[in-house]
Amino acid sequence: MSTSERTIRFIMIGGFLGAGKTTTLARLARHYTDRGLSVGIVTNDQAADLVDTNSLRAQGFEVGEVAGACFCCRFQDLISTIQGLDAAKAPDIILAEPVGSCTDLVATVLQPLKQLYNAQFSIAPYTVILKPSQGRRILRNEPGGGFSPKAAYIFEKQLEEADLILINRVDELTPAEVRELQGLLDERHPQTPRLAISAKTGAGFEELVEFLDQQGDFCRRVLDIDYDVYAEGEAELGWLNSSVRLHAEQPFDLDTLLLGIVSKMRQSLTDAGYEAAHLKTIGLWEGFFGVANLVSTTVSAELSLPSRCRVSDCDLVVNARVACDPLILADHVRAALVEVCAAQGVTATEQQTQKFRPGRPVPTHRLQPV
């Protein structure tokens, strides 16, 4: 990291799996770049082959990835990844996206950055995105909300440590639904500021940037957290990252295939009674890319970033986080790939697949505010 007096603004955007963190970071990156600032992005996952990293790089951003565990457990990897971006581009701003199943990030990431690297970083208010589709059910304490109480515990703790809560996807919500979410947050987190935004359309982003630009003593909400419950909640999620090579004798519509794969996975998981926290797939071909995703089995899959391409060959990456055994999840993913690819005359050759349950979080540091 540079030894000059220049400090890097560090902005971390947390939130549950499928909350819209990557779309939010991409829009923020474009905003800061338009202001003439240099931006680096750091993504984070329990395994390699991350759709978010590929998607952000395909959009032209400088991206480093911390894989193998969350930022808190790979703190030195986070620092070295930032140093690599700093050496390459000297970013004014680092945008960081933690694993969506992680919490306790104020004590294990932001406070260590403030106390151990104070001269290098200026820390922005810690912002957490509320995922409406599952958040409403969890905040209502609805039975059968898709996740066990231990997994919901992680969701609730993420909101508890935030300096700012974002209600995302307001373009998809009615005014009454937004008011209901505001009311639920009033009951649970009355002292936490919140904004209603749409990462897709940019609604509310002017106010978000204004909040993030604030200077002050933020990131002080250190959690009282039960790591046994936290670890068991994470371990209930099956995790799968898979890279696949696609080939066909005749060009096929990439967007139709991507949306078809995610839609088929949604159908099969719903039929089997499994709740999807997030499904994502990206197709990459000679500078073109498309992304399809699913944020809950209660909503439809969407083509979030269309490629508008017909291709004969491409690389495909699938990320799936579902409340089921990872071996069962792998079967659902494989079956969806086979059926959808066969319908378009496409041959899918698996390159690498990682499937597992996340291990117990063991933070490198856990610091109280000073």
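Since every read-out is calculated from the coordinates, none of them should be taken as a lab result. Just so it is clear, the structure is predicted and the values come from calculations on it, not from any experiment. Neighbour counts run over all protein chains shown; Cβ positions are idealised from the backbone, glycine included.
Using the Cβ of Asn241 as centre and a radius below 9 Å, the other residues enclosed give a net charge of -1, where K and R count +1 and D and E count -1. Listed here are the pairs Lys21/Lys150; Lys21/Lys114; Lys200/Lys355; Lys89/Lys200; Lys89/Lys280; Lys150/Lys355; which of them are more than 25 Å apart at the Cα? Pairs exceeding 25 Å: Lys200/Lys355; Lys89/Lys200; Lys89/Lys280.
If packing is taken as the average number of other Cβ atoms within 10 Å across a peptide's residues, how do 48-54, 25-31 rank, most packed first? Please list the in-between numbers first.
On the way: 48-54: 22.1, 25-31: 20.4.
Packing order, densest peptide first, comes out as 48-54, 25-31.
In the chain, the DSSP-assigned H stretches of four residues or longer account for a calculated mean residue ellipticity at 222 nm of -11000 deg cm²/dmol, using -39500 (n - 2.57) per stretch and the full residue count as denominator. Working from the Cα coordinates of the chain, the gyration tensor eigenvalues give, after taking √(5λ), semi-axes of 31, 24, 20 Å in decreasing order.
Among the cysteines of the chain, Cys72, Cys73, Cys219, Cys309, Cys314, Cys324, Cys341 have no other cysteine beta carbon within less than 4.7 Å of their own. Computed about its Cα centre, the charge dipole of segment 8-234 is approximately 300 debye, with only Lys, Arg, Asp and Glu carrying charge at their Cβ. May I ask for the distance between the Cα centers of segment 30-88 and segment 111-187, given as a whole number of Å? Here the two parts' Cα centres lie 22 Å apart. Summarising the amide proton neighbourhood of Phe121: residues at separation of 5 or more, or on other chains, whose placed amide H is nearer than 5 Å comprise Ile8. By the combined test of axial Cα extent (at least 18 Å) and Kyte-Doolittle hydropathy (mean at least 0.0), the qualifying DSSP H helices of the chain come to 75-89, 254-272, 326-343.
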